[in-house]
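Notes for the one structure printed next.
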Amino acid sequence: MPSSSIIPPGATIGILGGGQLGRMTALAAARLGYRCLVYAPDEHSVAAEVAAGHVRGDYDDAAALARFATQVDVITYEFENVPEGAVLECEKLRPVRPGVKPIHFAQHRLREKDFLRKLGIGTADYQPIRSAADVTAASALPGILKTCTEGYDGKGQARVTDRAELAAAWERLGRRECILEALVAFQCEVSAIVARGLDGETRCFPIGINSHRDGILRTTTVPADLSAETLATAERFGIQLAQGLDLVGLVALEMFVTPEGAVLANEMAPRPHNSGHWTIDACATSQFEQLVRAICGLPLGSVDVLAPSRMENLIGDEANGWPRYLAEPEARLHLYGKGKARPGRKMGHVTYVQRSAR
Ligand code: AMP
(Lines give C-alpha, C1' and ligand atoms only; values in the text may rest on other atoms or scores of the structure.)
Protein backbone atom coordinates (compact mmCIF):
# COMPACT_ATOMS: atom_id res chain seq x y z
CA MET A 1 0.00 0.00 0.00
CA PRO A 2 2.28 2.80 -1.14
CA SER A 3 1.54 6.27 0.12
CA SER A 4 3.26 9.55 -0.58
CA SER A 5 1.90 11.37 2.45
CA ILE A 6 3.94 12.55 5.40
CA ILE A 7 3.80 10.44 8.55
CA PRO A 8 4.08 13.00 11.36
CA PRO A 9 5.60 12.62 14.84
CA GLY A 10 3.15 10.82 17.11
CA ALA A 11 2.63 8.07 14.54
CA THR A 12 3.84 4.49 14.97
CA ILE A 13 6.72 2.93 13.03
CA GLY A 14 6.84 -0.83 12.61
CA ILE A 15 10.27 -2.46 12.58
CA LEU A 16 10.76 -5.95 11.16
CA GLY A 17 13.64 -7.46 13.14
CA GLY A 18 14.57 -7.18 16.78
CA GLY A 19 18.34 -6.60 16.95
CA GLN A 20 20.59 -3.69 17.82
CA LEU A 21 19.88 -1.80 14.58
CA GLY A 22 16.17 -1.85 15.42
CA ARG A 23 17.01 -0.79 18.97
CA MET A 24 18.98 2.26 17.84
CA THR A 25 16.27 3.10 15.28
CA ALA A 26 13.60 2.96 18.00
CA LEU A 27 15.69 5.22 20.25
CA ALA A 28 16.10 7.78 17.44
CA ALA A 29 12.40 7.56 16.57
CA ALA A 30 11.43 8.16 20.20
CA ARG A 31 13.51 11.33 20.24
CA LEU A 32 11.42 12.64 17.34
CA GLY A 33 8.17 11.71 19.08
CA TYR A 34 7.38 8.47 17.24
CA ARG A 35 6.39 5.15 18.77
CA CYS A 36 7.87 1.90 17.46
CA LEU A 37 6.42 -1.57 17.33
CA VAL A 38 8.90 -4.38 16.78
CA TYR A 39 8.12 -7.61 14.93
CA ALA A 40 10.54 -10.39 15.85
CA PRO A 41 10.24 -14.13 16.41
CA ASP A 42 12.35 -14.32 19.57
CA GLU A 43 10.98 -13.81 23.04
CA HIS A 44 13.88 -11.52 23.93
CA SER A 45 14.47 -8.65 21.51
CA VAL A 46 16.89 -5.84 22.32
CA ALA A 47 14.87 -3.59 20.00
CA ALA A 48 11.53 -4.40 21.62
CA GLU A 49 13.01 -3.56 25.03
CA VAL A 50 13.20 0.12 24.05
CA ALA A 51 10.06 0.18 21.87
CA ALA A 52 6.37 0.65 22.64
CA GLY A 53 5.56 -2.96 21.88
CA HIS A 54 6.59 -6.31 20.45
CA VAL A 55 4.60 -8.59 18.18
CA ARG A 56 6.10 -12.06 18.29
CA GLY A 57 5.74 -14.17 15.21
CA ASP A 58 7.63 -16.05 12.54
CA TYR A 59 8.31 -14.34 9.24
CA ASP A 60 5.91 -16.72 7.46
CA ASP A 61 3.05 -16.13 9.90
CA ALA A 62 0.67 -14.05 7.75
CA ALA A 63 -1.84 -13.54 10.57
CA ALA A 64 0.78 -12.22 12.99
CA LEU A 65 2.27 -9.97 10.29
CA ALA A 66 -1.18 -8.55 9.58
CA ARG A 67 -1.78 -7.97 13.31
CA PHE A 68 1.53 -6.08 13.39
CA ALA A 69 0.96 -4.08 10.21
CA THR A 70 -2.50 -2.85 11.17
CA GLN A 71 -1.10 -1.32 14.37
CA VAL A 72 1.50 0.86 12.61
CA ASP A 73 1.63 3.67 10.05
CA VAL A 74 4.77 2.74 8.15
CA ILE A 75 7.11 -0.26 8.25
CA THR A 76 10.85 -0.65 7.86
CA TYR A 77 13.25 -3.57 8.36
CA GLU A 78 16.50 -3.69 10.27
CA PHE A 79 18.09 -6.68 8.55
CA GLU A 80 18.18 -7.58 4.88
CA ASN A 81 17.46 -11.28 5.30
CA VAL A 82 13.83 -10.74 6.25
CA PRO A 83 12.00 -13.01 3.78
CA GLU A 84 10.51 -11.27 0.76
CA GLY A 85 7.16 -12.91 1.55
CA ALA A 86 6.99 -11.14 4.93
CA VAL A 87 7.57 -7.76 3.28
CA LEU A 88 4.93 -8.51 0.63
CA GLU A 89 2.40 -9.45 3.36
CA CYS A 90 3.07 -6.18 5.17
CA GLU A 91 2.91 -4.17 1.94
CA LYS A 92 -0.72 -5.27 1.49
CA LEU A 93 -1.59 -3.18 4.54
CA ARG A 94 1.01 -0.44 5.04
CA PRO A 95 3.88 1.14 3.12
CA VAL A 96 7.16 -0.71 3.68
CA ARG A 97 10.21 1.52 3.20
CA PRO A 98 12.52 0.54 1.70
CA GLY A 99 10.34 -2.05 -0.04
CA VAL A 100 10.94 -5.48 -1.46
CA LYS A 101 13.31 -4.54 -4.32
CA PRO A 102 16.36 -3.75 -2.13
CA ILE A 103 16.16 -7.04 -0.24
CA HIS A 104 15.63 -8.95 -3.47
CA PHE A 105 19.11 -7.85 -4.54
CA ALA A 106 20.77 -7.74 -1.12
CA GLN A 107 19.79 -11.32 -0.29
CA HIS A 108 21.65 -12.89 -3.17
CA ARG A 109 25.28 -12.05 -3.86
CA LEU A 110 25.19 -12.83 -7.58
CA ARG A 111 22.02 -10.86 -8.20
CA GLU A 112 23.54 -8.05 -6.16
CA LYS A 113 26.78 -7.92 -8.14
CA ASP A 114 24.93 -8.09 -11.49
CA PHE A 115 22.70 -5.23 -10.35
CA LEU A 116 25.65 -3.09 -9.22
CA ARG A 117 27.40 -3.64 -12.54
CA LYS A 118 24.22 -2.76 -14.43
CA LEU A 119 24.13 0.55 -12.57
CA GLY A 120 27.70 1.29 -13.67
CA ILE A 121 29.16 0.66 -10.22
CA GLY A 122 32.61 -0.99 -10.30
CA THR A 123 33.14 -4.43 -8.73
CA ALA A 124 35.93 -6.99 -8.65
CA ASP A 125 35.78 -9.73 -11.30
CA TYR A 126 33.37 -12.46 -10.28
CA GLN A 127 31.72 -15.56 -11.63
CA PRO A 128 28.96 -17.96 -10.59
CA ILE A 129 29.95 -21.34 -9.16
CA ARG A 130 26.96 -23.66 -9.53
CA SER A 131 28.49 -26.84 -10.93
CA ALA A 132 31.70 -28.87 -11.15
CA ALA A 133 32.09 -27.46 -14.69
CA ASP A 134 32.09 -23.91 -13.25
CA VAL A 135 34.87 -24.96 -10.85
CA THR A 136 36.97 -26.39 -13.70
CA ALA A 137 36.50 -23.24 -15.79
CA ALA A 138 37.07 -20.76 -12.93
CA SER A 139 39.45 -17.91 -13.64
CA ALA A 140 38.79 -15.31 -10.88
CA LEU A 141 41.71 -16.71 -8.85
CA PRO A 142 43.06 -16.21 -6.29
CA GLY A 143 39.63 -15.40 -4.99
CA ILE A 144 37.02 -15.64 -2.29
CA LEU A 145 34.25 -18.19 -2.65
CA LYS A 146 31.02 -17.01 -1.02
CA THR A 147 27.62 -18.65 -0.76
CA CYS A 148 25.04 -16.58 -2.65
CA THR A 149 22.65 -16.55 0.29
CA GLU A 150 22.79 -16.48 4.08
CA GLY A 151 26.39 -15.40 4.50
CA TYR A 152 27.30 -12.48 6.73
CA ASP A 153 30.27 -11.27 8.80
CA GLY A 154 32.60 -13.52 6.80
CA LYS A 155 30.49 -16.67 7.32
CA GLY A 156 29.97 -18.99 4.33
CA GLN A 157 33.24 -17.85 2.72
CA ALA A 158 36.58 -19.38 1.84
CA ARG A 159 39.78 -17.93 0.39
CA VAL A 160 41.09 -20.05 -2.45
CA THR A 161 44.27 -19.75 -4.46
CA ASP A 162 43.76 -22.34 -7.19
CA ARG A 163 41.13 -24.63 -8.71
CA ALA A 164 41.96 -27.54 -6.39
CA GLU A 165 41.33 -25.38 -3.33
CA LEU A 166 38.22 -23.99 -5.00
CA ALA A 167 36.87 -27.51 -5.57
CA ALA A 168 37.52 -28.48 -1.93
CA ALA A 169 35.97 -25.25 -0.60
CA TRP A 170 32.87 -25.67 -2.77
CA GLU A 171 32.46 -29.21 -1.37
CA ARG A 172 32.80 -27.85 2.18
CA LEU A 173 30.12 -25.25 1.46
CA GLY A 174 27.79 -28.11 0.48
CA ARG A 175 27.99 -27.51 -3.30
CA ARG A 176 25.59 -24.63 -2.83
CA GLU A 177 25.17 -21.85 -5.37
CA CYS A 178 28.21 -19.63 -4.86
CA ILE A 179 29.98 -16.63 -6.28
CA LEU A 180 33.73 -16.61 -6.80
CA GLU A 181 35.13 -13.10 -6.44
CA ALA A 182 38.68 -12.18 -7.39
CA LEU A 183 40.71 -11.30 -4.32
CA VAL A 184 41.18 -7.53 -4.16
CA ALA A 185 44.54 -6.33 -2.80
CA PHE A 186 42.89 -3.27 -1.32
CA GLN A 187 44.51 -0.27 0.30
CA CYS A 188 41.46 0.16 2.53
CA GLU A 189 37.76 -0.50 2.82
CA VAL A 190 35.18 2.27 2.91
CA SER A 191 31.44 2.61 3.08
CA ALA A 192 28.90 5.09 1.79
CA ILE A 193 25.61 5.34 3.65
CA VAL A 194 22.98 7.11 1.60
CA ALA A 195 19.51 8.25 2.58
CA ARG A 196 16.85 8.82 -0.04
CA GLY A 197 13.69 10.64 0.91
CA LEU A 198 10.14 10.26 -0.26
CA ASP A 199 10.70 13.14 -2.70
CA GLY A 200 13.77 11.45 -4.22
CA GLU A 201 16.34 13.70 -2.53
CA THR A 202 19.54 11.85 -1.61
CA ARG A 203 22.14 12.58 1.06
CA CYS A 204 25.32 10.63 1.60
CA PHE A 205 27.00 10.56 5.00
CA PRO A 206 30.71 11.35 4.89
CA ILE A 207 32.65 8.28 3.78
CA GLY A 208 34.18 6.24 6.61
CA ILE A 209 37.24 4.00 6.47
CA ASN A 210 36.52 0.53 7.83
CA SER A 211 38.81 -2.13 9.21
CA HIS A 212 37.75 -5.75 9.55
CA ARG A 213 39.10 -8.74 11.43
CA ASP A 214 37.94 -12.28 10.75
CA GLY A 215 35.33 -10.87 8.37
CA ILE A 216 33.76 -8.70 11.12
CA LEU A 217 33.85 -4.89 11.15
CA ARG A 218 36.17 -3.66 13.91
CA THR A 219 36.52 0.10 13.41
CA THR A 220 35.21 2.99 11.30
CA THR A 221 37.16 6.24 11.09
CA VAL A 222 35.81 9.59 9.87
CA PRO A 223 36.85 11.69 8.06
CA ALA A 224 38.48 9.31 5.62
CA ASP A 225 42.02 10.29 4.69
CA LEU A 226 41.61 9.65 0.95
CA SER A 227 41.82 11.77 -2.20
CA ALA A 228 38.86 13.99 -3.05
CA GLU A 229 38.43 11.99 -6.26
CA THR A 230 38.21 8.64 -4.45
CA LEU A 231 35.73 10.03 -1.93
CA ALA A 232 33.62 11.51 -4.72
CA THR A 233 33.55 8.17 -6.56
CA ALA A 234 32.54 6.27 -3.42
CA GLU A 235 29.79 8.80 -2.75
CA ARG A 236 28.59 8.73 -6.35
CA PHE A 237 28.37 4.92 -6.31
CA GLY A 238 26.30 5.06 -3.11
CA ILE A 239 23.91 7.61 -4.59
CA GLN A 240 23.63 5.70 -7.89
CA LEU A 241 22.68 2.63 -5.87
CA ALA A 242 20.02 4.42 -3.79
CA GLN A 243 18.52 5.85 -6.97
CA GLY A 244 18.77 2.56 -8.87
CA LEU A 245 16.89 0.80 -6.07
CA ASP A 246 14.16 3.51 -6.01
CA LEU A 247 14.68 3.30 -2.32
CA VAL A 248 13.03 5.33 0.41
CA GLY A 249 15.20 4.84 3.47
CA LEU A 250 18.88 4.04 3.85
CA VAL A 251 21.35 1.96 1.94
CA ALA A 252 24.97 1.23 2.84
CA LEU A 253 27.48 0.28 0.18
CA GLU A 254 30.77 -1.30 1.28
CA MET A 255 33.65 -0.79 -1.12
CA PHE A 256 37.33 -1.54 -1.57
CA VAL A 257 39.82 1.16 -2.53
CA THR A 258 42.82 -0.18 -4.44
CA PRO A 259 46.33 1.30 -4.18
CA GLU A 260 45.70 2.81 -7.65
CA GLY A 261 42.61 4.60 -6.31
CA ALA A 262 39.98 2.41 -8.02
CA VAL A 263 36.77 1.96 -6.05
CA LEU A 264 35.14 -1.49 -6.22
CA ALA A 265 31.81 -2.26 -4.56
CA ASN A 266 31.69 -5.32 -2.31
CA GLU A 267 28.19 -5.48 -0.86
CA MET A 268 25.13 -3.46 0.04
CA ALA A 269 22.74 -3.38 2.96
CA PRO A 270 19.43 -1.51 2.64
CA ARG A 271 19.29 -0.53 6.31
CA PRO A 272 21.35 1.28 8.94
CA HIS A 273 24.87 -0.09 8.92
CA ASN A 274 27.44 -0.86 11.58
CA SER A 275 29.89 1.46 9.81
CA GLY A 276 27.45 4.35 10.38
CA HIS A 277 27.25 4.08 14.17
CA TRP A 278 29.70 6.97 14.53
CA THR A 279 26.94 9.28 13.25
CA ILE A 280 25.08 8.99 16.59
CA ASP A 281 27.80 10.91 18.42
CA ALA A 282 29.73 12.78 15.73
CA CYS A 283 27.29 13.85 12.99
CA ALA A 284 24.55 16.46 12.92
CA THR A 285 22.01 13.72 12.14
CA SER A 286 22.47 10.07 13.05
CA GLN A 287 21.89 7.38 10.44
CA PHE A 288 18.97 6.13 12.56
CA GLU A 289 17.28 9.52 12.67
CA GLN A 290 17.91 9.87 8.94
CA LEU A 291 16.12 6.57 8.34
CA VAL A 292 13.15 7.76 10.41
CA ARG A 293 13.08 11.06 8.52
CA ALA A 294 13.24 9.31 5.13
CA ILE A 295 10.53 6.71 5.75
CA CYS A 296 8.19 9.27 7.37
CA GLY A 297 8.56 11.73 4.51
CA LEU A 298 10.29 14.39 6.62
CA PRO A 299 13.12 16.53 5.23
CA LEU A 300 16.48 14.75 5.42
CA GLY A 301 18.89 16.03 8.07
CA SER A 302 22.32 17.61 7.75
CA VAL A 303 25.20 15.17 7.34
CA ASP A 304 27.81 17.60 8.67
CA VAL A 305 30.57 15.98 10.71
CA LEU A 306 30.69 17.52 14.19
CA ALA A 307 34.13 16.13 15.08
CA PRO A 308 36.62 13.54 13.83
CA SER A 309 35.74 10.17 15.35
CA ARG A 310 36.58 6.48 15.46
CA MET A 311 33.97 3.83 16.19
CA GLU A 312 35.12 0.53 17.67
CA ASN A 313 32.89 -2.49 17.88
CA LEU A 314 32.75 -4.33 21.20
CA ILE A 315 32.67 -7.96 20.23
CA GLY A 316 32.12 -10.85 22.64
CA ASP A 317 33.59 -10.23 26.06
CA GLU A 318 35.21 -6.93 24.97
CA ALA A 319 31.99 -5.37 26.24
CA ASN A 320 33.07 -6.35 29.76
CA GLY A 321 35.56 -3.49 29.49
CA TRP A 322 32.70 -0.99 29.97
CA PRO A 323 34.12 0.57 33.17
CA ARG A 324 37.23 1.57 31.21
CA TYR A 325 35.22 3.21 28.41
CA LEU A 326 33.06 5.09 30.89
CA ALA A 327 36.23 6.57 32.37
CA GLU A 328 37.53 7.88 29.05
CA PRO A 329 36.32 11.43 28.32
CA GLU A 330 36.42 11.00 24.53
CA ALA A 331 34.56 7.68 24.57
CA ARG A 332 30.81 7.38 23.99
CA LEU A 333 29.68 3.94 25.08
CA HIS A 334 26.73 2.08 23.56
CA LEU A 335 25.74 -1.33 24.91
CA TYR A 336 22.99 -3.30 23.22
CA GLY A 337 21.59 -5.10 26.26
CA LYS A 338 22.29 -8.55 24.86
CA GLY A 339 22.50 -11.31 27.44
CA LYS A 340 25.37 -13.64 26.69
CA ALA A 341 28.69 -12.43 25.26
CA ARG A 342 29.37 -15.19 22.72
CA PRO A 343 32.56 -14.99 20.62
CA GLY A 344 31.88 -12.93 17.48
CA ARG A 345 28.65 -11.45 18.88
CA LYS A 346 28.31 -7.67 18.55
CA MET A 347 27.58 -6.55 22.12
CA GLY A 348 28.05 -2.81 21.76
CA HIS A 349 30.31 -0.15 20.35
CA VAL A 350 32.27 2.81 21.54
CA THR A 351 32.85 5.99 19.54
CA TYR A 352 35.87 8.11 20.32
CA VAL A 353 34.95 11.69 19.49
CA GLN A 354 37.86 14.09 19.22
CA ARG A 355 37.48 16.90 21.72
CA SER A 356 37.69 20.44 20.43
CA ALA A 357 40.44 22.66 21.85
CA ARG A 358 39.17 24.75 24.74
P1 AMP B 1 31.67 -9.73 3.01
O2 AMP B 1 30.97 -10.76 3.81
O3 AMP B 1 31.50 -9.88 1.53
O4 AMP B 1 31.36 -8.34 3.49
O5 AMP B 1 33.22 -9.90 3.33
C6 AMP B 1 33.75 -9.66 4.61
C7 AMP B 1 35.15 -9.09 4.49
O8 AMP B 1 36.00 -10.04 3.78
C9 AMP B 1 35.26 -7.82 3.67
O10 AMP B 1 34.95 -6.68 4.42
C11 AMP B 1 36.73 -7.87 3.27
O12 AMP B 1 37.57 -7.49 4.33
C13 AMP B 1 36.93 -9.33 2.95
N14 AMP B 1 36.63 -9.57 1.53
C15 AMP B 1 35.43 -9.91 1.01
N16 AMP B 1 35.48 -10.03 -0.33
C17 AMP B 1 36.76 -9.74 -0.69
C18 AMP B 1 37.46 -9.67 -1.94
N19 AMP B 1 36.86 -9.95 -3.12
N20 AMP B 1 38.79 -9.34 -1.91
C21 AMP B 1 39.41 -9.06 -0.73
N22 AMP B 1 38.79 -9.12 0.47
C23 AMP B 1 37.49 -9.45 0.51
Handout entry: Nearest-10 value in Å² for the accessible area of Arg176, using the 1.4 Å probe
Key = 90 Å²
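Nearest 500 deg cm²/dmol is fine: what mean residue ellipticity at 222 nm does the chain get from its DSSP H runs of n ≥ 4 alone, each adding -39,500 (n - 2.57), divided by its residue count?
So the helix-based figure for the chain works out to -7500 deg cm²/dmol.
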Exercise for the section: Report relative contact order for the stretch 200-256 in percent, whole number only (criteria: Cα-Cα under 8 Å, sequence separation at least 6). Expected result: 31 percent
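Across all directions of projection, what mean area in square nanometres is found for the Cα convex hull of the chain? Each step should come with its number before you reach the end.
Values: hull surface 73.0 nm².
The orientation-averaged projected area of the Cα hull of the chain comes to 18.3 nm².
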Handout entry: Accessible area (Å², per residue) of the stretch 188-353, counting only protein heavy atoms and a probe of 1.4 Å
Key = 37 Å²
Handout entry: Under-5 Å amide H pairs with Asn81, H placed in peptide plane, nonlocal only
Key = none
Problem - Contact order relative to length of the stretch 188-353, as percent, for alpha carbon pairs under 8 angstrom and 6 or more apart - result: 22 percent
Fill in the blank from the handout: Share of accessible surface on carbon and sulfur in the chain, whole %, 1.4 Å probe and ligands ignored, is 50 percent
Exercise for the section: Could I have the simple spin-label model distance between Ile216 and Glu150, label points 7 Å from Cα toward Cβ, reported in nm to one decimal? Expected result: 2.1 nm
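So, for the stretch 3-96, what is the accessible surface per residue at a probe of 1.4 Å, expressed in square angstrom?
On the way: 3860 Å² over 94 residues.
That works out to 41 Å² per residue.
Sort 163-172, 73-82 by the packing proxy (mean of other Cβ within 10 Å over each peptide's residues), most packed first. Present the calculation step by step, with values, prior to reporting the outcome.
Working: 163-172: 15.8, 73-82: 22.0.
Top to bottom by mean Cβ count within 10 Å: 73-82, 163-172.
The values are calculated or read from the model by the stated rules, or taken from the named source; none is laboratory data. It should be emphasised that the depicted structure is a prediction, and the values quoted were computed from it without experimental measurement. Note that we place each Cβ from the backbone using ideal geometry, even for glycine, and neighbour counts take in every protein chain shown. To get the accessible areas, we keep the full protein, side chains included, count just its heavy atoms, and leave off ligands, DNA and RNA. Shrake-Rupley method; radii C 1.70, N 1.55, O 1.52, S 1.80 Å.
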